[in-house]
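Reading through the structure tokens given below for one structure.
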Amino acid sequence: MASVRKMFFSKGSSTDDEIPKAHHAEQRRESCPTAPTVSRPAHCTRSSVGSHHLTRQLRFLGASPAHEDSSGTESKMAGPRTLRVPTEGKPGEFVVRSLFAEFTAHAERKIGVIMAEPLERLLSKSLQRGEDLQFDQLLSTLSAVAEYCLPSLLRTLIDWYKRQNGSDDEAHEYKPRGSAKVKGDEQHRDRDYLFERRDLAIDFIFCLALIEILKQIPVHPVPDSLVHEVLTLAFKHFKYREGYTGPNTGNMHIIADLYAEVIGVLAQSKFQTVRKKFVTELRELRQKEPSPQLSQSIISLIMGLKFFRVKMYPVEEFEASFQFLQECAQYFLEVKDKDIKHALAGLFVEILVPVAATVKNEVNVPCLRNFVDMLYPTTFELSSRKKHSLALFPLVTCLLCVSQKTFFLSSWHIFLTNCLSHLKNKDPKMSRVALESLYRLLWVYMIRIKCESNTVTQSRLSNIVVALFPKGSRSVVPRDTPLNIFVKIIQFIAQERLDFAMKEIIFDLLSVGRSPKTFSINPERMNIGLRAFLVIADNLQQKDGEPPMPTTVGVMPSGNTLRVKKTFLSKTLTDEEARVIGMALYYPHVRRALDSMLRHLDKEVGRGLTLTSVQMLNKEPEDMITGERKPKIDLFRTCVAAIPRIIPEGMPRAELVEMLARLTIHMDEELRSLAFAALQSLVLSFPEWREEVFFAVLALAAREVPDTWPPLLDSCLRMLVQLLAQWRLATNTTIVRTETIGQQQQQSQHQKSTELPEKNPHSGVLHAVEGFALVMLCSCRPPTRRLAVTALREARALLTSLARTKEDEEAVIDLLGQNKSLHP
């Protein structure tokens, strides 16, 4: 393998003289750059990735590497390439030439990195959006430029892609080289796999660029010939490849999904063209003799539309989309092959879930009504059969979610019974599908339809709650399910029935009202209850309105994300704010429950699992945080993360701070970071807590961390340094706010009293910090001494930020500096 990689990165080739010269493409309207030429050995279908390729690409663009000498050859002693783009012509031409030259250079570098990686590594881990911010910015810039020169830029990109794969004259079709049947020695097989990996990397980069620039079609139309060319390239990657079992199988699936994303973008502006191409391809396949290979080919074609999305407006586009879906629904009803039927069901779900999340009056459009009426009876009947239930439960759910109110209310309770009965299914996949169907139906019922009469609504909700959270049980149903699904279910119910959600669900999950003797930790239930309360309170306080419907895909194959990151409040929820948002009756109960949970969790999985505990010596966290401890640690994380948003009622301030300080040396890394974040928030937001936080950290370092744990001592010093910096930041912010009140108030206060206060109220804690830092200066370890010096400097900076007093003494670090005795 090493020799193969060496061949790929060599500067030259024995067949370099045989490299054909690329012909020039026809001139484009906007005079944008034509595609760069890629040199390649004559014996290879696609070229290796030597540096001479980039040089030739740039020459074709009119750009050249800055380190190329006068003879036109590349200097062997050259450093990193800088591109020279001719400045002749219009400014717009220069900008586009520069951008595309930069794109080809980036592409070449990224391909070089890909070729040096193990074959088993997925391309998405190196090429996906979010992995290289500079390349992401370049793609976004190309998208912006495409608004003004889309046809020529698209033509150039396609030409670049084709020349990477072969000459313009040959009809490109991706054919994997390596396979399990390849004959020859291992080196040739590895070389073929590397060639194949490079081919796939080119496809990946090409798709990323296509996805960005095709978004501009609505503002800058392109010739139909270019659209057909993109479609042809994409649909060739949807063809089923029988018998391939090489190491690049996973990457091939990723590339097919990327081209499906390209089709999704293209369909937003060229839907009829995409539809016609798909129908034609499907018709050709249906005319062939049935076989397992044919079924897989049809399924691969169907998956090519998985990112097609219905345009909700104008209504003509909406109707056209559902007329196409009706054609697919007719095929769904006719086809006998189970796998094809399931693939079509999956396609319908991918398309209908975004529709269900936004649909309102559109449910009354005849084409949508006809689509639901056509599919629902058959799918509902098939969903009761074991062989179809896993695939068709989501489709029945989506059909109900996009149906009219009367249809939904008359049908959903029947399917709801089926969902509830499958929650305890032995197949975890089936129970998960039933749960997801349930919470989408519940969203429609609570958010879109706004429930039914009080009696009926109460009955429906009670049935759901009893099934999910059985009375007297320590767990939830189904087990081993992400807790956020249950949290969302409670949030949906609270949107219209807050009192029911709090008293009948959250109070029961948190064991509110239990006596201390009977109180016990039910980690999963309590975790759900506490998180649900935090989400509901945050939603009410921020006035976010109705929660969105849960979707299916969060991250596209390209790495583009569809999720909007939610920012939660960290400011303490006071009794007054709880009254304003209508939670005053419930808030004290939750605070007392948090107090009980923290005490029990600290006793069970807190004190005994610190890094300095004798029982934990020479133990790995993975070995200790297992079994019953794991869900309790998860609950402990949630409880600590809730501070200072919720301050537990009944726990003295000193006890709470001492517990948080001790958790900063817990075995669990996430719990350590959450505890320290809570201490930082207390220092920032609660001036009256600051001294106790520092004394707690100092006590921890002095009593709990022995000298035999130097890394932990260093960690305590770092915490002190960061907490001092947070205190200083909070003090400076307060001073700035005070200065903005007005000069008149400041002048009047200055006239009334020009004398300094007798004593700094924080001198005690600052002296304690400086004393601890002085002790750490005696350490034999240079890193510890450096941290101690940093702590002394932060203490001095904080003392400077605080108000001066008569009895202010010089900072310790200043005294040490005067005596020239500070040598960390």
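The values are calculated or read from the model by the stated rules, or taken from the named source; none is laboratory data. If you're wondering where the values come from, they're calculated on a predicted model, not measured in any experiment. We place every Cβ from the backbone using ideal geometry, glycine too, and count neighbours over all the protein chains shown.
Has the stretch 612-620 got any residue that is under 25 Å from Ala494 (Cα atoms) and either hydroxyl-bearing (Ser, Thr, Tyr) or surrounded by 14 or more Cβ atoms within 10 Å (Cβ to Cβ) (or both)? The answer is no; no qualifying residue exists. Among the criteria (1) in a helix (DSSP H, G or I); (2) more than 20 Å from Pro482 (Cα to Cα); (3) under 25 Å from the mean Cα position of the chain (by Cα); (4) touching a residue at least 24 places away in the same chain (Cβ under 8 Å), the one Leu635 does not fulfil is (2).
Which members of the stretch 332-342 meet the condition of being surrounded by fewer than 16 Cβ atoms within 10 Å (Cβ to Cβ) and assigned to a helix (DSSP H, G or I)? Within the stretch 332-342, Leu333, Glu334, Lys338, Asp339 meet the criteria.
Which of the residues that make up the stretch 343-370 are in a helix (DSSP H, G or I), under 29 Å from the mean Cα position of the chain (by Cα) and β-branched (Val, Ile, Thr)? Residues satisfying the conditions are Val349, Ile351, Val353, Val355, Thr358. Any residue at all in the stretch 687-698 that is modelled with pLDDT under 95, more than 21 Å from Leu799 (Cβ to Cβ), over 29 Å from the mean Cα position of the chain (by Cα) and part of a helix (DSSP H, G or I)? Checking the stretch 687-698: not a single residue is modelled with pLDDT under 95, more than 21 Å from Leu799 (Cβ to Cβ), over 29 Å from the mean Cα position of the chain (by Cα) and part of a helix (DSSP H, G or I). Of the residues screened, Arg531 is one that is among the charged types (D, E, K, R), within 21 Å of the chain's Cα centre (by Cα) and modelled with pLDDT of 90 or more. The test for being at pLDDT below 95, of a type in the set (A, V, I, L, M, F, W, C) and buried (at least 16 other Cβ atoms within 10 Å of the Cβ) does not hold for Ala434. Of all residues in the stretch 236-265, exactly one satisfies the criterion of being in a helix (DSSP H, G or I) and over 29 Å from the mean Cα position of the chain (by Cα), namely Lys236. The helices (runs of 4 or more DSSP H) located wholly in the stretch 412-513 that include 3 or more residues which are among the polar types (S, T, N, Q) and closer than 22 Å to Met549 by Cβ occupy 483-496.
Of the residues screened, Glu319 is not one that is of a type outside the set (Ser, Thr, Tyr), out of contact with any helix residue (DSSP H, G or I) (no Cβ under 7 Å at 6 or more places or on another chain) and modelled with pLDDT of 95 or more.
Answer yes or no as to whether Leu231 is under 23 Å from the mean Cα position of the chain (by Cα) and either at pLDDT below 95 or surrounded by 20 or more Cβ atoms within 10 Å (Cβ to Cβ) (or both). Step through it out loud before you land on a result.
Values: under 23 Å from the mean Cα position of the chain (by Cα): no; either at pLDDT below 95 or surrounded by 20 or more Cβ atoms within 10 Å (Cβ to Cβ) (or both): yes.
No.
Would you say Arg514 is exposed (fewer than 13 other Cβ atoms within 10 Å of the Cβ) and either out of contact with any Cys (no Cβ under 8 Å at 6 or more places or on another chain) or not basic (Lys, Arg) (or both)? It is true that Arg514 is exposed (fewer than 13 other Cβ atoms within 10 Å of the Cβ) and either out of contact with any Cys (no Cβ under 8 Å at 6 or more places or on another chain) or not basic (Lys, Arg) (or both).
Here is a yes/no grid of residues against (1) in contact with a Cys (Cβ under 7 Å, 6 or more places away or on another chain); (2) closer than 15 Å to Asp159 by Cβ; (3) crowded, with 18+ Cβ neighbours inside 10 Å:
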| position | (1), (2), (3) |
| --- | --- |
| Ala209 | no, yes, yes |
| Ile217 | no, no, yes |
| Pro221 | no, no, no |
| Lys236 | no, no, no |
| Gly246 | no, no, yes |
